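Rule-based calculations on the coordinates, nothing more; no lab input. Since the model is a prediction, treat every value here as computed from it, not as a measurement. Neighbour counts run over all protein chains shown; Cβ positions are idealised from the backbone, glycine included.
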């Protein structure tokens with residue numbers, strides 16, 4: 001069932017591992033079939049070296065597992081909530097990549113410091129508020145998703161496909177699983193650059209809205225002219 | 001004798017080398033057979049590229065070598081002391097991995113800054129006191145172990161399987177040799193994140209006890225739900 | 001047409017990718033045939049893993065594409081302007097390499113901090129001024145080239161083959177495509193060293209003009225004695 | 001002539017390249033046959049990928065080339081001076097490895113911050129004074145060697161086989177070419193740890209003389225007990 005989706009999600013998880021963003025069995029990527037209302041996600045705690053498409057778990061948008069011998073990622077309810085609230089996304093990626101996690105731990109937003117950022121994220125990558133004691137003790141992973149969506153009130157998630165969860169790490173998303181991983185890779189690089197930029201200048205100052213518009217819009221939307229399309 | 005243990009310890013040492021945590025012939029990993037009261041450890045100063053299971057040295061808990069053509073690691077008495085004092089551990093790993101060694105050199109503890117840490121260490125990774133002149137001059141390696149155990153009075157070593165030895169480097173442990181290496185890898189990553197977190201925020205502030213409990217306990221103990229078991 | 005040039009430019013782009021300076025499809029390298037007034041450049045947004053010499057696009061110095069099935073890099077007008085203004089250069093390289101991009105984002109010049117720098121760049125690597133709203137909104141990529149050339153008034157571009165574009169990233173150049181990539185690699189390393197030098201000493205202080213002369217001139221010009229020529 | 005020495009020196013240069021300490025054609029390693037008063041050194045500006053034992057150049061201690069089709073490294077007179085002044089060394093290595101070069105550029109000594117350092121260097125790794133205008137303009141490379149030897153007055157070079165040349169980079173040495181490279185690798189790692197230690201603690205504080213003695217002497221000298229000898 002949904003063999004192609006499972007294949008894509010498996011490959012996206014392997015790309016995450018090969019990118020160096022994650023070590024051990026950290027991180028998880030999912031992708032959704034919107035017509036069927038089913039998403040495919042990495043099984044919990046499985047070694048990337050052994051991951052095969054048939055290991056990928058299928059989960060319905062009401063949270064029920066519909067296929068797979070293994071338990072899905074323990075972060076499944078977070079992915080679920082993002083898919084439910086944001087109809088426009090097709091893939092979600094969670095990592096503990098080191099520089100992005102440092103931003104999450106420091107609860108520091110990443111303003112658009114340059115065109116590398118502007119090419120992929122249309123403005124500041126935000127930090128969630130701290131998740132509360134009650135939210136941790138009851139349905140922690142679901143509430144992680146809710147706290148992310150709360151932070152994006154007034155922001156279109158497709159335009160800034162990344163967030164730092166306070167004290168935790170980054171989530172990224174995209175139109176499919178592969179793009180969510182790509183956004184995780186870009187976020188890690190933008191965070192590394194941000195750390196060094198602050199080390200040099202003592203501050204993090206955003207580029208102008210005009211330059212942000214230019215770079216974001218030459219890659220996204222109807223007037224994009226980057227790439228071959 | 002104890003062929004499987006020697007094989008496991010050899011493999012764990014090679015994993016340490018492949019992880020990039022150590023260069024040259026630095027670092028050493030051991031694992032113990034509690035029934036026989038014998039542990040297996042890397043020989044001293046041997047090139048990882050040439051290490052084979054038959055090179056692994058077997059040592060009794062009274063410190064006597066029971067098998068092996070080579071001299072055991074010069075840090076053997078440190079491993080010995082940890083095994084003697086802490087009946088619940090099955091493997092010990094010592095590295096000079098760069099970020100963790102910086103914490104040891106700076107004599108800076110690593111509080112639980114985020115869930116990456118909380119997933120593996122149930123609270124602050126402590127620093128030992130400085131080892132004294134007398135302790136250095138007589139049985140230095142044994143006293144290194146004693147100073148570690150002294151620091152863990154009141155802490156269950158299984159819950160925080162890592163320490164920074166002041167002016168020296170990290171030791172990690174686990175239920176077997178492989179897990180002690182894994183904890184060394186996680187510690188290095190947590191220290192890298194800690195360095196960047198402090199660089200961003202100017203401080204190192206722990207996450208809440210509730211979030212620490214949640215992450216630690218979803219991976220450890222009877223109510224764990226991470227992974228496939 | 002110009003098969004050898006396309007081959008060289010393809011190889012230089014692959015070297016850029018293999019050097020680790022760029023991730024994803026970031027970056028672009030070009031090389032020019034001055035006799036024909038035609039330069040060869042990477043197509044826009046193409047995966048390095050799939051790049052072949054026949055994909056390289058040929059562009060005339062008046063901006064017209066003369067060969068190639070694909071669209072040239074969106075940064076083509078920047079390369080064009082550098083070739084038009086600076087008759088002595090034969091290759092141009094643009095990256096978002098992390099340390100050099102941090103300098104660009106922090107709008108911080110890189111003085112000649114040591115002989116590593118002096119071996120390749122004859123003085124401070126400059127930062128451009130911020131590009132204006134009007135320059136962004138009309139012919140942004142061409143204006144990027146103009147702002148670079150403006151910054152080099154009074155500087156011979158062959159002697160300092162690198163610049164930081166404010167809020168953007170580095171451009172480097174050289175006598176051909178391969179050398180422009182090599183200068184990009186050296187710039188990234190000099191920036192990494194610069195970051196660590198400032199972290200240690202709290203300042204960035206240039207070496208003496210005599211030491212700069214010595215190192216630059218033992219590698220460049222008629223009295224050079226480095227290498228086999 | 002001296003085929004085994006050339007083979008050793010070639011291999012040591014390749015190890016330097018594989019260690020990641022150098023990029024491009026940077027760095028050079030030499031080794032000496034004290035009986036013949038001849039040393040073997042890397043040719044100038046040659047690609048490591050193409051380096052073969054027959055490319056290694058043989059030079060007499062009076063500075064005359066005695067074998068080799070290529071010009072020796074432009075740093076040859078520095079190596080020569082170290083061999084002439086220090087009869088106890090058998091190999092010399094020069095790199096621009098990034099962290100050690102940052103120390104050289106910042107003119108910051110590296111005190112013995114921990115046992116990683118103590119295992120290899122018996123005390124502070126010193127920085128030379130700035131080389132003068134006159135010393136640069138006449139026999140620069142020879143004077144580089146003289147300035148190093150001047151800095152080591154009162155220090156046995158065998159016990160601290162490393163120096164930072166102000167504004168330039170590190171030189172390391174050892175009993176042969178391979179050991180000089182190994183000391184270069186250790187120095188780079190000690191410098192990386194030093195940068196992070198200072199970032200954490202705001203200072204660089206040496207460990208006690210007793211701990212330095214213990215670690216240095218368990219690896220060096222007649223009472224050493226590290227390794228298999």
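Each eigenvalue of the Cα gyration tensor of the range C:3-219, multiplied by 5 and square-rooted, gives one semi-axis; in descending order these are 28, 18, 17 Å. In the Gaussian network model of chain A, springs joining C-alpha atoms below 10 Å, which of A:158, A:107, A:137 carries the largest mean-square fluctuation? The residue that fluctuates most here is A:137. Position residue B:201: other-copy label points at 2.4, 2.4, 3.3 nm, ordered by increasing distance, label point 7 Å along Cα→C-beta.
Looking at the range D:130-229, the pairs of alpha carbons with a distance over 24 Å make up 37% of the total. Ascending distances from the residue A:137 label point to its copies in the other chains, with the point 7 Å along the Cα-to-beta-carbon line: 5.6, 5.6, 8.0 nm.
Taking the Cα centroid of the range D:87-132 and of the range B:36-107, what is the distance between the two, rounded to the nearest whole Å? Result: 30 Å between the Cα centres.
Seen through its C-alpha gyration tensor, with square-root eigenvalues sorted a ≥ b ≥ c, the range A:93-167 comes out prolate because a/c lies at 1.5 or above while a/b is bigger than b/c. If the segment from residue B:4 to residue B:158 were pulled out straight at 0.36 nm per residue, it would be longer than the present Cα-Cα gap by 53.1 nm. Going from the fewest other Cβ atoms within 10 Å to the most, the residues A:101, D:197 appear in the order D:197, A:101. Using the Cβ-Cβ distance between residue A:149 and residue A:66 with R0 set to 30 Å, the FRET efficiency works out to roughly 0.80. Under a Gaussian network description of chain B, with springs only between Cα atoms under 10 Å, the residue in B:199, B:17, B:25 that fluctuates furthest is B:199.
For the range D:3-69, rounded, prolate or oblate, judged on the Cα gyration tensor with a ≥ b ≥ c (square roots of eigenvalues), a/c < 1.5 rounded, else prolate if a/b > b/c? Since a/c reaches 1.5 and a/b is larger than b/c, the shape of the range D:3-69 is classed as prolate. Calculated on the Cα set of the protein assembly as shown, radius of gyration then Dmax: 28.6, 84 Å.
Distances between copies of residue A:225, taken at a point 7 Å out from Cα along the Cα→Cβ vector and listed shortest first: 5.3, 5.3, 7.5 nm. Measuring from each Cβ of chain A to the axis that turns chain A onto chain C, the shortest distance belongs to A:199, 5 (residue, then whole Å). Using a ≥ b ≥ c from the Cα gyration tensor of the range C:20-107 (square roots of the eigenvalues), is it rounded, prolate or oblate, where a/c under 1.5 gives rounded and otherwise the larger of a/b and b/c decides, a/b for prolate? Because a/c hits 1.5 or more and a/b fails to exceed b/c, the range C:20-107 counts as oblate.
Take each residue in C:186-198, count the other chain C-beta atoms within 10 Å of its C-beta, and the mean is 6. Considering only B:201, B:44, B:97, the Gaussian network model of chain B with Cα springs below 10 Å gives its largest mean-square fluctuation to B:201. For the pair residue D:85 and residue A:54, a Förster radius of 60 Å applied to the C-beta separation gives a FRET efficiency near 0.30, rounded to the nearest 0.05. Taking other C-beta atoms within 10 angstrom as a stand-in for reagent exposure, A:23, C:185, A:56 fall in the order A:23, C:185, A:56, fewest first.
Taking label positions 7 Å along the Cα-Cβ direction at both residue D:34 and residue A:225, the computed distance is 7.0 nm, reported to one decimal. Inter-part distance, the range D:149-166 to the range A:191-229, computed on C-alpha centroids, equals 48 Å. Residues B:70, B:1, arranged from fewest to most other Cβ atoms within 10 angstrom of their Cβ, appear as B:1, B:70.
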